[in-house]
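Participant: Would you mind keeping the following structure in view while I ask a few things?
The values are calculated or read from the model by the stated rules, or taken from the named source; none is laboratory data. Not measured: the values here are computed from a predicted model. Positions of Cβ are generated from backbone atoms using ideal geometry, with glycine treated the same way; all protein chains shown enter the neighbour counts.
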Amino acid sequence: MGGAALGVFVHAFLAGLGRWAARRHWWVIGGWLIVVVGLFVLRSAFGGTYVNNYTVPGSQSSDGLNVLNQDFSKQGGYAGSIVFHAQQGEVSAQGAAVKTSMDNVAKLPDVVSAVDPLSTSPSPYVSKDGSIVNAPVSFSVVPASLDKTYLASLDTAVKPARDAGLEVEYGGGAGQIGRQADDLLSEVIGLGLALLLLYLMFRSVVAAALPLVSAVFSVGGGLAILALLAAVKEFPTTAPTVATLLGLGVAIDYGLFMVSRHREQMDNGMAVEQSIGQTESTSGAAILVAGGTVVIAILGLYVSGVPFVGALGLSSAIVVAVTVLAALTLIPALLGLNRLLVLNRKDRQHLAAEHDLEAALPDEAAVAAHRAEERARRDAKHEQSAFARWGRRVSARPWPYGIVATLLLLVLAIPLLSINLGQLDAGTDPKTDSSRKAYDLIAQGFGPGANGPLTVVVSLDQQNASTNQTTLNNLSSELQKQPGVAAVQPASTNSAGTTAVITVIPTTSPSSDETQDLVNRIRDDVLPGVPDQTYVVGTTAGYVDFTEKVSARMLWLIGAVVLLAFVLLTVAFRSIVIGLKAAVLNLLSVGAAYGVIVAVFQWGWGSSLVGIDEKVPIPSFVPMLMFAIVFGLSMDYEVFLLSRVHEAWTTTQDAHRAVAIGIGATARVITTAAAIMIAVFLSFVLDDDATVKMLAVGMAVAVLIDASVVRMVLVPAVMTLLGDKAWWLPGWLDRIVPDIQLEGGAEPEPQPREPAGVPPGG
């Protein structure tokens, strides 16, 4: 099939799909309802749980953990702690209650070991003043995967200590038990603001509600699929939140683009089903390309080589794919069901008047001429709109506007130069959470480093059994000498004498640069002198490996996503220049968004406004995830704006007019769509997770920059400077690149206007 033939086939298929969904609207809506309800039932019965597993396959921390789990199970597993605090006096005064509580914890399912912290004296688990006790607990599963029922069992287990007057908090992994995300408030706020913005644009409750209905169906169905997959594959605890955040934004935007195009075509004389088919053929094709770009960009996260990051991308890609399917099937069905009700009262009155006017015309030629005049007036209206006038102002002086906009983006990106990639610890949790209380108590009683101990694992050589203890003593002594080490606990050896463990307590918190430097110094300077195989493991060491792996793959991700987006845009618009322009401008906008994230969270500029009270490092996967998502979202606006510009250019062959018409036709829709995305994203700053807050702020800022500085200034400036060259494609590529024509070619011959009058009501 040739390129042009493929384009014709795609548009014909989409137009037919749209008309079929409009005619069989009850079947389509009923089908979606049955599928979504069925998915929710299956999720309740077979859905899995979400866990944070930062393990990097092949890393030192991962290999060392495998050795522990195999040879020294009591030192393996996933670490947590039970923190006992006496408001007055010492915890040992209630030693019997503490022992009973820890014995109860040891009997719980999934607990590998639970140490009675007062069983030895002196005990390394008791603070100097005796008021705080940090009892280690090891789990056979990731504690975050355990639900609120398990948390209730844990509360019951430690009840004797609480009844004795002790404060009991859960630290480390234990602090994550039962903390499944609940974003209902954010979703309600986001959807409410979206409904308000859609109503202000359409002045029709029905038209405003359709994108929201599609969003609820598609995001709900996508999350149910994700929960079912979580039963067989690990997904992070933040995966449903990130998928919801992104899914709501794109679902509402896609519905907005479809409804606005349909209303415009209805206003220009198309009958309902004909308009729905044409909308599917044009805006639907643009959604297919834009949604495909988002999905491919997010799946590019697998380039990281880290399962945690790839799974985050897969979860969002699943939900976005379902939203695209809903936009192409459910939205046409809803449009077919509501027919003229998607127009406001004024537009319906205009439609009725036009129907009466055309009925009085003598023949079809006169009707066609009248509609041609209407289309000319529409284009003229677009060219005279405030947005189009702005576009012409930028086009008249492209260099000054382009330079100022570029400098603004570069200034916003300056903080990126000092980005500090690290990990977030429980010190960023809300002060009311048990995990934060335990973190603060441990730091108070044992120093900040006790919240992130390092575990040195030594695989002992049985042929040198006589010297193994000397090796361990020398290693412990050398570790104690290292700057940044607060304490080194005596080596512990398994019963077979094959594996030993030395616990190192840093002087600094897990998220500090000094702790990361200590991990690298132990690995690079201390352990190479040990004759046996050694590893540094633990949550902190694992995150160091995670950060280094993700950081090393960042450039690969950028290259892969930019290349794929370039190929898609080249095919979509049959222009190499458009693809290159989009890549450069999107890199500028993403860089500016990164800069804002660093300024707000790492520098602390206004972080209290989003519920963060201290300066925090940027988790290494946040820039990677943001890049994939933001680059994909920016392609949405690129596709929808340039598809209308290209449509106007094909008709007028005037590059300057095409820019004005394209901006005039889409700017109001894109601005509303951007405002909706910003509202939805910012509503998620209410989430307790600092990572979700970063993503919400970063994506909201990126969309704001893209819809204002990039689309309204840089794009018209660059398109003006490029002129006709913007649509250049080498001859050899012209012969092999499919001609899919996002704008769908010429509009079909119009059918008679909808014969209905103005329905009752407003």
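Participant: Scan the range 400-422 for residues that are hydrophobic (A, V, I, L, M, F, W, C), in a helix (DSSP H, G or I) and in contact with a Phe, Trp or Tyr (Cβ under 8 Å, 6 or more places away or on another chain) and report the count.
Facilitator: 2
Participant: For VAL485, indicate whether it is buried (at least 22 other Cβ atoms within 10 Å of the Cβ) and of a type outside the set (Asp, Glu).
Facilitator: For VAL485, the condition - buried (at least 22 other Cβ atoms within 10 Å of the Cβ) and of a type outside the set (Asp, Glu) - is not met.
Participant: Being among the β-branched types (Val, Ile, Thr), within 22 Å of the chain's Cα centre (by Cα) and more than 25 Å from PRO143 (Cβ to Cβ) narrows it down to one residue among VAL188, VAL242, VAL232; which is it?
Facilitator: Of the residues listed, the single one that is among the β-branched types (Val, Ile, Thr), within 22 Å of the chain's Cα centre (by Cα) and more than 25 Å from PRO143 (Cβ to Cβ) is VAL188.
Participant: Now, a different point. For the range 221-266, name all the residues that are under 20 Å from LEU625 (Cα atoms), in a helix (DSSP H, G or I) and not aliphatic (A, V, I, L, M).
Facilitator: GLY222, PRO240, THR241, THR244, GLY247, GLY249
Participant: Given the residues GLN469, GLN480, which is the only one that is out of contact with any Leu (no Cβ under 7 Å at 6 or more places or on another chain), surrounded by fewer than 19 Cβ atoms within 10 Å (Cβ to Cβ) and under 30 Å from SER131 (Cα atoms)?
Facilitator: It is GLN480.
Participant: Taking PHE546, is it surrounded by 20 or more Cβ atoms within 10 Å (Cβ to Cβ), under 30 Å from GLY173 (Cβ atoms) and aromatic (Phe, Trp, Tyr)?
Facilitator: Yes.
Participant: Here are the criteria: (1) surrounded by fewer than 18 Cβ atoms within 10 Å (Cβ to Cβ); (2) touching an Asp or Glu at 6+ places or on another chain (Cβ under 7 Å); (3) among the small types (Gly, Ala, Ser). Tell me which single one GLY559 does not satisfy.
Facilitator: Among (1) surrounded by fewer than 18 Cβ atoms within 10 Å (Cβ to Cβ); (2) touching an Asp or Glu at 6+ places or on another chain (Cβ under 7 Å); (3) among the small types (Gly, Ala, Ser), the lone unmet condition for GLY559 is (2).
Participant: Right, another one. From GLY2, GLY30, which residue is surrounded by fewer than 19 Cβ atoms within 10 Å (Cβ to Cβ), at pLDDT 90 or above and on the phi < 0 side of the Ramachandran plot?
Facilitator: GLY30
Participant: Across the range 394-415, which residue is nearest to the chain's Cα centre (by Cα) among those that are of a type outside the set (A, V, I, L, M, F, W, C) and surrounded by 13 or more Cβ atoms within 10 Å (Cβ to Cβ)?
Facilitator: Taking the candidates together, the pick is PRO415.
Participant: Moving to a separate point now. With the structure loaded, tell me whether THR100 is closer than 20 Å to SER123 by Cβ and hydroxyl-bearing (Ser, Thr, Tyr) or whether it fails that test.
Facilitator: yes
Participant: Could you tell me whether VAL56 is more than 30 Å from LEU334 (Cα to Cα), buried (at least 21 other Cβ atoms within 10 Å of the Cβ) and in the same structural domain as GLY165 (by TED's automatic domain parsing)?
Facilitator: So VAL56 fails the test.
Participant: Turning to a different aspect of this structure: What are the residues in the range 146-166 that are of a type in the set (D, E, K, R) and either buried (at least 18 other Cβ atoms within 10 Å of the Cβ) or under 30 Å from ALA231 (Cα atoms) (or both), if any?
Facilitator: ASP147, LYS148, ASP155
Participant: If you go through the range 423-454, how many residues are assigned to a helix (DSSP H, G or I) and farther than 11 Å from PRO506 by Cα?
Facilitator: Here the count works out to 15.
Participant: Tell me the helices (runs of 4 or more DSSP H) entirely within the range 671-762 that contain at least 2 residues that are β-branched (Val, Ile, Thr), at pLDDT 85 or above and in contact with a Gly (Cβ under 6 Å, 6 or more places away or on another chain).
Facilitator: So the answer is none; nothing clears 2.
Participant: Looking at the structure I just gave you, is SER113 in a strand (DSSP E or B) and in contact with a helix residue (DSSP H, G or I) (Cβ under 8 Å, 6 or more places away or on another chain)?
Facilitator: It is true that SER113 is in a strand (DSSP E or B) and in contact with a helix residue (DSSP H, G or I) (Cβ under 8 Å, 6 or more places away or on another chain).
Participant: Evaluate the following for GLN423: is it buried (at least 20 other Cβ atoms within 10 Å of the Cβ), touching a residue at least 24 places away in the same chain (Cβ under 8 Å) and of a type in the set (S, T, N, Q)?
Facilitator: Yes.
For (1) among the β-branched types (Val, Ile, Thr); (2) in contact (Cβ under 8 Å) with a residue 24 or more places away in the chain; (3) in a helix (DSSP H, G or I); (4) farther than 21 Å from ALA22 by Cα, each residue gets a yes or a no:
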position: THR282; (1), (2), (3), (4): yes, yes, yes, no
position: ILE298; (1), (2), (3), (4): yes, yes, yes, yes
position: TYR302; (1), (2), (3), (4): no, no, yes, yes
position: VAL322; (1), (2), (3), (4): yes, yes, yes, no
position: ALA333; (1), (2), (3), (4): no, yes, yes, no
position: LEU337; (1), (2), (3), (4): no, yes, yes, no
